[in-house]
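I have placed the structure first, in the form of structure tokens, so that the comments after it can refer back to it.
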Amino acid sequence: MRIGNITPIFRIFDENKAKEFYLEYLGFHLDWEHRFEKNMPLYMQVSKPNLTLHLTEHYGDCSPGSAIRIATTELEDFHRSLLDKGYRYSRPGIEKTEWNTKEVCLIDPFGNKLFFYEEITEN
């Protein structure tokens, strides 16, 4: 058995706020959107290289307030780019953890947490 990629699903409640956070602030690309009919809940896919997320307005697809950890490189550059955008709802810091990582925790407008982390290597 071979296990493929994992695609986390996050609950959202407002399409415009989701797009502002994921597309404008975090720089994800909108891959596709789906609705069964006009005025029905939205289900969409957003992505960055090596990371795909599904965002859903559908009740019962998943619980709001979920969390994922995302391994990265160049975390400090990513952090700086976020601060440079001046997003009014988030000014994340970088935390150095006891388990030898640097981490930036971002909380989307719906309470979902994205932990971007980089392993600290001893030089």
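The values are calculated or read from the model by the stated rules, or taken from the named source; none is laboratory data. Here the structure is a predicted model, which is why all the values come from computation and not from measurement. Cβ: placed from backbone, ideal geometry, glycine included. Neighbour counts: every protein chain shown.
Counting only residues that are at pLDDT 95 or above and touching a strand residue (DSSP E or B) at 6+ places or on another chain (Cβ under 9 Å), the stretch 75-91 holds 5 of them. Close contacts from the stretch 46-72, counting a first residue that is in a loop (DSSP other than H, G, I, E, B) and a second that is polar (S, T, N, Q), with Cβ to Cβ under 9 Å and a gap of 6+ residues or different chains, come to ASN50/ASN5; CYS62/THR56; PRO64/ASN112; GLY65/ASN112; SER66/ASN112.
Considering the conditions (1) modelled with pLDDT under 95; (2) closer than 18 Å to THR7 by Cβ, LEU114 is excluded by exactly one of them, (1). Restricting attention to the stretch 49-65, the residues that are of a type outside the set (A, V, I, L, M, F, W, C) and either modelled with pLDDT of 95 or more or in contact with a Pro (Cβ under 7 Å, 6 or more places away or on another chain) (or both) add up to 5.
For the stretch 86-100, the condition holds for no residue, the condition being that it is of a type in the set (Phe, Trp, Tyr) and within 11 Å of the chain's Cα centre (by Cα).
Residues in the stretch 68-77 that are surrounded by fewer than 17 Cβ atoms within 10 Å (Cβ to Cβ) and either more than 22 Å from ILE6 (Cα to Cα) or touching a Lys or Arg at 6+ places or on another chain (Cβ under 6 Å) (or both): GLU74, GLU76, ASP77.
Scan GLU57, GLU122, GLU118, GLU98 and give me the residue that is among the charged types (D, E, K, R), touching a Lys or Arg at 6+ places or on another chain (Cβ under 9 Å) and over 15 Å from PHE21 (Cβ atoms).
Numbers: GLU57 fails: over 15 Å from PHE21 (Cβ atoms); GLU122 fails: touching a Lys or Arg at 6+ places or on another chain (Cβ under 9 Å); GLU98 fails: touching a Lys or Arg at 6+ places or on another chain (Cβ under 9 Å).
None of the others qualify; the one that does is GLU118.
Residue by residue through the stretch 36-45, note down the ones that are of a type in the set (Phe, Trp, Tyr) and either under 15 Å from the mean Cα position of the chain (by Cα) or not in a loop (DSSP other than H, G, I, E, B) (or both). Passing the criteria: only TYR43.
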